Structures are given as structure tokens and as C-alpha cells.
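Can you read through this structure? Questions will come right after.
The values are calculated or read from the model by the stated rules, or taken from the named source; none is laboratory data. Everything numeric here is computed off the predicted structure, so don't read it as measured data. Here the Cβ positions follow ideal geometry from the backbone for every residue, glycine too, while neighbour counts run over all protein chains shown. With ligands, DNA and RNA removed, areas are computed over all heavy atoms of the protein, side chains included. Shrake-Rupley method; radii C 1.70, N 1.55, O 1.52, S 1.80 Å.
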Amino acid sequence: MKTSELVKKVKKIGCYLVEHGKEHDKWHSPVTGKDFRMPRHPSKEIPTGTAEQIMKDAGLK
């Protein structure tokens, strides 16, 4: 899954950007109450395990 696709999914459930980092952005999920980091490269593929963990932290799984 590409970063841009995952950003669309997390925005749809209400997650929002907290701060920009050098290589990763910090996001917050109101669903789980957790902060999580996401890579800033929109066209690059996120490794499967990393994408699964981000989705879990965001409340998508």
C-alpha cells in the first residue's frame, strides 16, 4: 500500500496531522487516542507489517 492511499484511509476516519517530521509525520487517531508515525513519501510503498501496525494504531483494524 502506498503512503498516499493510507493517508486517505486514516483521514476518512478522523485522524489528523499533528506535526511534520524530517522523514515521518506524526498523526493522531481520535478513535484509539494514539499517536502514530507515517512516512512522508506519498508515492512509495509501505512495507506490509508497517502498514498493518499503522492501521491498527489508527483504528482501522
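Just the number please: accessible area per residue for the chain, 1.4 Å probe, all protein chains included, in Å².
Here the residues of the chain average 66 Å² of exposed surface.
Would you tell me the accessible area of I54, worked out with a 1.4 angstrom probe on the heavy atoms of the protein chains, in Å² to the nearest 10?
10
Same structure again: Within a Cβ distance under 10 Å of G21, other residues only, what is the Lys/Arg minus Asp/Glu net charge?
+1
Measure off, as a whole percent, the carbon and sulfur share of the 1.4 Å-probe accessible area of the chain, all protein chains present.
In the chain, the share of accessible area belonging to carbon and sulfur is 52 percent.
Further question: With θ set to phi - 60°, apply the Karplus curve 6.51 cos²θ - 1.76 cosθ + 1.60 along the stretch 29-39 and write out the HN-Hα couplings as whole Hz, x wherever there is a Gly or Pro.
Once rounded to whole Hz, the list reads 10, x, 5, 9, x, 9, 9, 8, 9, 9, x.
Just to make sure I understand: if all protein chains stay in place, what is the order of H41, H28 by accessible area at 1.4 Å, largest first?
Ranked list, largest accessible area first: H41, H28.
Could you pull the Rg and Dmax for the chain, using just the Cα atoms, both in Å?
10.2, 27
Still on this model: All other residues with a Cβ under 13 Å from the Cβ of L60 taken together, and with Lys, Arg as +1 and Asp, Glu as -1, what is their net charge?
Taking every other residue near L60 into account, the sum is +4.
For V18, which sequence-distant residues (separation of 5 or more, or a different chain) have an amide H within less than 5 Å of its own amide H, given hydrogens modelled in the peptide plane?
Correct list: K26, W27, H28.
If you don't mind, there's one more thing I want to ask. Given the rule -39500 (n - 2.57) for each run of at least 4 DSSP H residues, summed and divided by the residues of the chain, what is its mean residue ellipticity at 222 nm, to the nearest 500 deg cm²/dmol?
The per-residue figure over the chain is -10500 deg cm²/dmol.
With θ set to phi - 60° and the Karplus curve 6.51 cos²θ - 1.76 cosθ + 1.60, what are the ³J(HN,Hα) couplings of the stretch 40-55 in order, to the nearest whole Hz, using x for Gly and Pro?
Karplus values, whole Hz, x for Gly and Pro: 8, 8, x, 9, 8, 6, 8, x, 3, x, 5, 4, 4, 5, 4, 5.
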